[in-house]
Amino acid sequence: MIRIQAIIATIVVLVGADFYSSRYDDFDVQPLLENDRILLSYTKCFLNQGPCTPDAKDFKKVIPEALETNCGKCTTKQKQLIRQVIKAVMGHHPESWAQLVDKYDKDKKYRDAFKKFIEDKE
């Protein structure tokens, strides 16, 4: 019986490792979406044009992989939050969005797939 429990625990750990930390699943994006100054400060952090808050540093670390995998390691909640933030940047600061896209997808490999991810309703 103990052996079965150990196997189940191992499977849970391995499956859980396929996702980003749930630490930010309850991140309140509303202040970010409603305040251009905060939204731009995150954008500048991601572009290496300004300082980063600890949260922004954490988000910045996963941008390349999230872009390449269409947020493959994101939970459903994280995907929703990311879509909200991206749509805000695209709508309010299209020039900053263009800079982010150029920085993180210079070779234009992921743009079409990531655009589909952003438009997805999941």
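Normalised Debye scattering of the chain at q = 0.16 Å⁻¹ gives log10 I(q)/I(0) of -0.80, counting only Cα atoms as equal scatterers and leaving out solvent.
Any idea what the relative contact order of the chain is, in percent, if you count C-alpha pairs under 8 Å spaced at least 6 apart? Relative CO of the chain lands at 26 percent. Look at the dipole of the chain built from charges on Cβ: of 94, 72, 30, the Cα furthest out on the positive end belongs to 72. Counting only Cβ charges, +1 for Lys and Arg and -1 for Asp and Glu, the dipole size of region 20-122 around its Cα centre is about 220 debye. Legend: residues 96, 21, 41, sorted from most to least accessible area (1.4 Å probe; ligands, DNA and RNA excluded), read 21, 41, 96.
The trypsin sites (Lys or Arg not before Pro) found in region 28-111 that occupy coil by DSSP, while having at most 13 further C-beta atoms within 10 Å, are 106, 108, 109. Once the 1.4 Å probe is applied to the protein heavy atoms, region 12-93 comes out at 59 Å² accessible per residue. Computed across region 56-105, the Kirkwood hydrodynamic radius from all distinct Cα-Cα pairs reaches 11.4 Å. Can you give me the % of accessible surface on the chain that is carbon or sulfur? Probe 1.4 Å, all protein chains present, nothing else counted. Solvent-exposed carbon and sulfur of the chain make up 58 percent of the total.
The values are calculated or read from the model by the stated rules, or taken from the named source; none is laboratory data. Keep in mind that this is a model prediction, so the values were computed, not measured. Because the Cβ atoms are built from the backbone with ideal geometry, glycine has one as well, and the counts that use them run over all protein chains shown. Side chains are part of the model used for accessible areas, which takes the heavy atoms of the whole protein and leaves out ligands, DNA and RNA. Shrake-Rupley method; radii C 1.70, N 1.55, O 1.52, S 1.80 Å.
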